[in-house]
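**Student:** Let me begin by handing over the structure; questions about it come next.
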Amino acid sequence: MIRFDDILEKISSGYGEKDIALLQKAYVFSARAHKGQVRRSGEPYLSHPLEVTSLLADMSLDSTTLVAGLLHDVLEDTEVTAAELKEVFGKDVAALVEGVTKISRFQDSSPETRRAETIRKIILAMTDDLRVIFIKLADRLHNLQTLKFLSEDKQKQIASETLEIYAPIANRLGMGRVKAELEDLAFRYVSPEEYFRVASLVEPRRKRAEVELKKFRSTLEKLMKENHVPAEIYYRIKRPYSIHCKMEVQHIDFSQVYDFLALRIITDTVKNCYSALGIIHQKWPPIPQRFRDFIAMPKPNLYQALHSTIITEDKQSFEIQIRTREMHNLAENGIAAHWKYKDDEPQSLMKEDQRLQWLREMVELFREQRNPKEFLKNLKINLIPEEVYVFTPKGQVISLPTGASALDFAFRIHTEIGVHAAGAKINGKPSPLKTLLKTGDIVEIMTSPDKSPTRSHLNMTFTSSARHQIKRWLNQQAKIKSVSLGQKLWDKEVRKYDLPSGFPKEGALLSQIAQAVTFRMKNLEAFYALVGLGKIVVNRKFLEKISPAGLETRKKEALFHKVMSKVSKKADAEIQVRDSNGELVRLAKCCSPIKGEPIIGYITSGKGITAHSLRCPLIANEILDPERLVDVSWGNVAQGSSKVGLLIKAADSPGVLAKVAGSISELEGNITKAEVKTFADQKAQIKLSLVIRDIKHLDAIMKDISKIKEIFSVERI
């Protein structure tokens with residue numbers, strides 16, 4: 001167990017007396033709060049906050065973070081309150097501790113929901129103070145180190161969550177050392193069989209590998225010295241989880257893991273990085289496809305280094321990484337390496353740092369996605385390592401996750417470009433927006449003001465940011481349509497009556513409506529939107545609720561007469577069916593109306609208006625509420641296609657099906673499915689699925705089939 005004095009020894013050179021005194025105060029406070037508590041390992045509970053604080057000290061973080069590390073479990077596991085913590089240690093420490101505290105409310109919800117809610121809370125707390133995640137990562141790291149004392153189910157749950165959420169977050173923040181430790185510790189519990197299989201491949205080679213690495217390091221040191229390039233050289237054997245991932249993703253054997261042995265050269269300047277690379281390549285041939293220049297093209301987490309794999313005289317392969325001291329510090333500790341607060345602007349780094357772009361996107365997503373499970377799903381997608389590097393025509397490098405499309409690229413450039421994207425050119429060739437991108441592609445997006453997203457665009461995108469922007473645009477358009485539709489429904493209903501003088505005017509209308517419904521509405525636009533969605537039905541009863549003087553009585557129109565009047569006149573309704581994809585006026589699935597046939601609208605709660613055919617059993621049998629029926633017409637619906645079924649009864653004679661098919665083909669109908677049954681009385685039944693243009697097209701086909709002498713009857717099903 002680490003001692004508090006060990007922590008003080010680590011930080012003594014960088015902290016003042018005031019900081020040390022505050023840490024001592026937090027240590028005593030934590031010890032008292034956790035007194036008598038024991039961890040599953042049998043150690044005093046205080047050992048955990050001490051270990052977490054020691055890990056934070058290794059990251060060279062500020063005293064406020066270390067104080068919060070000592071206190072990070074007091075709100076969750078002791079009687080200490082947030083108010084008490086704030087009073088004793090100040091609002092910053094209290095906010096950090098609250099940020100890492102698990103969600104304990106909603107105990108009746110599932111463990112999965114509570115975990116999702118906790119992770120969402122931590123992500124949001126990061127936007128106020130990024131130090132929250134440093135504490136959480138240190139907490140998770142020590143918990144993994146003592147995971148063997150928990151049940152097998154708990155081990156797997158914590159380890160899986162680490163690989164899916166916390167290790168990728170560490171990677172996004174550039175914290176390579178923490179990421180590597182989290183992955184290797186979690187790997188053992190998530191896939192124990194695979195872990196020990198990889199270990200069995202590595203261990204027999206370890207001693208020999210260390211001898212080879214030491215020998216090659218000496219050769220490199222001598223080479224750098226001869227060429228006057230200052231260099232510190234370290235070596236490493238590839239980590240188990242990293243080996244496993246490479247073998248899985250690239251479908252290769254252990255013998256093909258060329259970076260199993262690696263050396264790291266740390267020098268003083270960028271110029272000397274390239275000098276060292278040139279010296280090495282002059283002596284040993286590199287593997288061409290294994291060279292990466294992350295100095296000229298940094299990773300999204302700002303990682304920089306030169307990577308090259310070379311083959312020595314005895315056919316041994318070594319990966320060599322070359323970086324400056326500053327690059328090395330950033331590679332190990334990432335954003336924590338230069339985490340400095342300004343008293344006047346504590347969130348400056350959060351606003352500016354490129355590595356936090358994914359976090360800013362997640363916060364934007366949270367504002368509209370309140371479901372914790374859906375948020376967690378999008379977070380996992382957003383944390384996938386960005387490994388595709390593509391270029392704009394002007395040479396700007398854009399990083400995207402593997403699996404991203406040209407449409408993802410468009411939204412990454414700018415939301416407006418994504419919204420109005422009409423097509424793409426990839427490496428100068430016209431390409432669909434759904435085309436998957438690969439590293440090195442030069443991508444140009446063509447836009448058009450007439451183009452806008454549809455729901456099918458969601459199937460073309462992979463990144464959560466692009467999907468979020470598409471959904472937001474669709475929701476905005478749906479709101480505009482629902483407001484317009486709702487206002488038409490309101491005006492249409494109000495015009496039916498001679499309104500009394502006491503009927504509220506527009507200024508007082510909202511307050512009267514608010515008393516009649518249970519919904520909260522800021523303005524009349526919100527009211528119209530609810531009407532358009534069918535959540536509020538405007539009818540006589542509703543108008544009477546908001547009219548103190550009541551309404552003139554009039555005879556209730558029977559549904560039968562309403563329908564008959566609809567049939568007897570040409571539909572010239574104010575509300576039109578424009579198209580069935582995305583409009584609030586949609587076609588009912590129960591009767592699948594075909595363009596041109598008589599229809600009537602029904603206000604469906606939460607969905608707006610659904611257009612039913614007048615032949616629909618729900619209409620014919622007066623099952624639907626007549627108060628919700630409204631007039632609709634086809635309007636200027638674009639020429640399209642509709643599916644329809646036909647039931648044909650015929651004589652069982654040779655060639656009858658061919659005659660029917662020929663008749664349909666001549667009229668340009670399309671048969672997608674046909675079923676034929678024959679009976680003992682020399683009769684047959686034919687069921688057809690057709691694609692036709694409109695109701696006139698269908699009538700012509702049915703009429704032509706009826707003329708065939710073997711046909712007894714033709715009816716629509």
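Bear in mind these aren't lab numbers, they're just calculated from the coordinates by the rules spelled out. As the structure is a computational prediction, the values presented were derived from the model and not from experiment. In this analysis, Cβ positions are derived from the backbone assuming ideal geometry, glycine residues included, and neighbour counts consider all displayed protein chains.
**Student:** Over the Cα atoms of region 4-190, compute the convex hull volume and normalise it per residue, giving Å³.
**Tutor:** On the way: hull volume 22.8 nm³, N = 187.
Spelled out: Cα convex hull of region 4-190, divided by residues, is 122 Å³.
**Student:** Let me ask you something else. Count of lysine pairs in region 379-444 with Cα atoms under 22 Å apart, counting only pairs 8 or more residues apart in sequence or on different chains? Could the numbers behind the result be given before it?
**Tutor:** On the way: 380/434; 380/438; 394/425; 394/429; 394/438; 425/434; 425/438; 429/438.
Taking region 379-444 as the scope, the lysine pair count is 8.
**Student:** Could I ask something else about it? Going by how many other Cβ atoms sit within 10 Å of their own, how do 261, 66 line up, fewest first?
**Tutor:** Details: 261 22, 66 27.
The fewest-first ordering by Cβ neighbours comes to 261, 66.
**Student:** Check region 642-716 and count each lysine pair with an alpha-carbon distance under 12 angstrom, considering only pairs eight or more places apart or from different chains.
**Tutor:** 9
**Student:** Can you give me the angle between helix 357-366 and the longest principal axis of the chain, using Cα atoms only, in degrees from 0 to 90, rounded to the nearest 10?
**Tutor:** Result, in degrees: 40.
**Student:** Give, in whole angstrom and from largest to smallest, the semi-axes √(5λ) of the equivalent ellipsoid of region 642-716, with λ running over the eigenvalues of the Cα gyration tensor.
**Tutor:** Ellipsoid half-lengths, sorted descending, are 20, 12, 10 Å.
**Student:** Now for a separate question. Could you work out how far apart the two model spin labels at residue 627 and residue 112 are, taking each label as a point 7 Å from the Cα in the direction of the beta carbon, and quote it in nm?
**Tutor:** Placing both labels 7 Å along Cα→Cβ, they lie 4.0 nm apart.
**Student:** Which angle between 0 and 90 degrees, to the nearest 10, do you get for helix 47-58 versus the longest principal axis of the chain when only C-alpha atoms count?
**Tutor:** The angle comes out at about 80 degrees.
**Student:** I'd like to know how region 194-335 sits against the 2.2 N^0.38 Å rule of thumb: what's its Cα Rg over that expected value? Display every interim value, and only then the final one.
**Tutor:** Working: Rg = 15.2 Å, N = 142, 2.2 N^0.38 = 14.5 Å.
Scaled against compact globular proteins, the figure is 1.05.
**Student:** Then there's this: How large is the Rg to Rh ratio of the chain when both quantities use alpha carbon positions and Rh follows Kirkwood? Walk me through the intermediate numbers first.
**Tutor:** Numbers: Rg = 34.9 Å, Rh = 31.9 Å.
Rounded to two decimals, Rg over Rh is 1.09.
**Student:** Give 91/471; 148/373; 225/315 a once-over and call out the pairs whose C-alpha atoms are over 32 Å from each other. The partial results should precede the final answer.
**Tutor:** Working: 91/471 37 Å; 148/373 28 Å; 225/315 24 Å.
Violating the 32 Å limit, Cα to Cα: 91/471.
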